[in-house]
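What follows is a set of notes on a single structure, which appears directly below.
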Amino acid sequence: MVLLEVRGLTKHFGGLAAVSGLDFDVHEREILGIIGPNGAGKSTVFNMISGSISPTGGTLIFRDENITGLPPHQIAKRGITRVFQGNVLFPNFTVLTNVLIGLHLHTHLGLFGFLFGSPSAHLRENALYSMAMEILQWVGLAGEAEKIASSQPHGNQRLLCLAIALAAEPKLLLLDEPVTGMNAEEVLDMLATIKTLREKKGITCIVVEHNMKAVMGLCDRIVTISYGKKIAEGSPKEIAVHPAVIEAYLGAEQDAS
C-alpha cells in the first residue's frame, strides 16, 4: 500500500531549480533512502514533505489526502514527523523530561504547568510517565531516563531526538542524516532501532544519509537525485551498480578536487 505519493515535486529559489519534477512513492512499512551528492536537493525534498517550505509545483499525497503546502503543525498532526540533522532537544532537562515535553506538545496538555509544577500537571505527568518510559525502552535509553540530556554521548542524543519524534505517534518518520557524527557502534545501534520501529511498530521511514554503508544496509529501496532530479531508483544492490549513480558521485568528487 502506498503511504506517500510524490508527483512532479518542484522547488525554485529565484532562477534556481533546487528540485525539479520529482516522482516517487513510499510504501507502508518501508524504509526508503534518498541519496545524492551535496547540493542535490535532498534537504529541500524533506523541507517540502514536512511543510517547512511550500513547493513551487507538484503534489504530495499522504494517506490519500493532498497535503501539498500545509504548514508543519498540520503535517505533523496527520502523522509525519521529522528528526533533524542537528540534535534538537532540551539540553538542561533529563532524558525523560525531554520525552514528556514531546508528549505534552503532542497532546496539548499544558506544557507550562508541567514544567513549573501545577497539581493538575503532576497528574498528567503520572498518566504520561509510562508512555514516555515505553518510548525510551524502544530506543534503548530507559536506563538513562534520569540523566541530563546534555551529559549524554552524541549517539544517545540522536536516539533521544528519535524518542521525542516518536512521542507524536508518527505514521511516517523523516530521518535527516540519523547517523551523522556517530562512531561505528552508535551507527549499529541506530540502524537496529530504526529497523525495530518498522518491524514492531509498523513505522514507515524516509532516510536521507551520506553514510552509504548505512543506507545500503538499512533501506529497502533507494531514490537517487542529482541537481534536483531523480536519476535512479531501485534496490540497494541495483543502486550500487547503477551507471548514473556512479557517475553522479564520481563527478561530484572530481568537481571537489
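The values are calculated or read from the model by the stated rules, or taken from the named source; none is laboratory data. Note that the structure is a prediction, hence the values are computed from the model and not measured. Cβ: placed from backbone, ideal geometry, glycine included. Neighbour counts: every protein chain shown.
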* Structure fact -> In region 67-103, anything within 25 Å of GLY181 (Cα to Cα), assigned to a loop (DSSP other than H, G, I, E, B) and more than 15 Å from the chain's Cα centre (by Cα) is listed as PHE90, PRO91, ASN92, PHE93
* Structure fact -> The number of residues in region 27-43 that are farther than 15 Å from ILE231 by Cβ, out of contact with any helix residue (DSSP H, G or I) (no Cβ under 9 Å at 6 or more places or on another chain) and either buried (at least 21 other Cβ atoms within 10 Å of the Cβ) or among the acidic types (Asp, Glu) (or both) is 2
* **Unmet requirement for LEU174, which otherwise passes all of (1) touching a Cys at 6+ places or on another chain (Cβ under 7 Å); (2) in a strand (DSSP E or B)** => (1)
* To do: Please find, within region 194-243, the residue that is nearest to GLY8 (Cα to Cα) out of those that are of a type in the set (S, T, N, Q) and surrounded by fewer than 19 Cβ atoms within 10 Å (Cβ to Cβ).
  => SER235
* So how many residues does region 51-75 have that are farther than 14 Å from GLY228 by Cβ, surrounded by fewer than 21 Cβ atoms within 10 Å (Cβ to Cβ) and touching a helix residue (DSSP H, G or I) at 6+ places or on another chain (Cβ under 8 Å)? -> 4
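Return the residues of region 195-228 that are assigned to a helix (DSSP H, G or I), aliphatic (A, V, I, L, M) and out of contact with any Gly (no Cβ under 8 Å at 6 or more places or on another chain); say none if nothing qualifies.
The answer is LEU197, MET212, ALA214, MET216.
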* Asked: For region 10-53, how many residues are assigned to a loop (DSSP other than H, G, I, E, B), free of Cβ contacts under 8 Å to residues at least 60 places away in the same chain and touching a Leu at 6+ places or on another chain (Cβ under 7 Å)?
  -> 1
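Working only within region 158-175, note down all residues that are surrounded by fewer than 21 Cβ atoms within 10 Å (Cβ to Cβ) and either at pLDDT 95 or above or of a type in the set (Asp, Glu) (or both).
GLU169, LYS171
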* Test: residue in region 82-99 that is out of contact with any strand residue (DSSP E or B) (no Cβ under 6 Å at 6 or more places or on another chain), among the small types (Gly, Ala, Ser), under 27 Å from LYS213 (Cβ atoms) and surrounded by fewer than 16 Cβ atoms within 10 Å (Cβ to Cβ) -> yes
* To do: Give the residues of region 229-252 that are among the acidic types (Asp, Glu) and part of a helix (DSSP H, G or I), sorted by residue number.
  => GLU238, GLU247
* Structure fact -> Exactly one of GLU146, GLU177, GLU199 is of a type outside the set (Gly, Ala, Ser) and in contact with a His (Cβ under 7 Å, 6 or more places away or on another chain), and that residue is GLU177
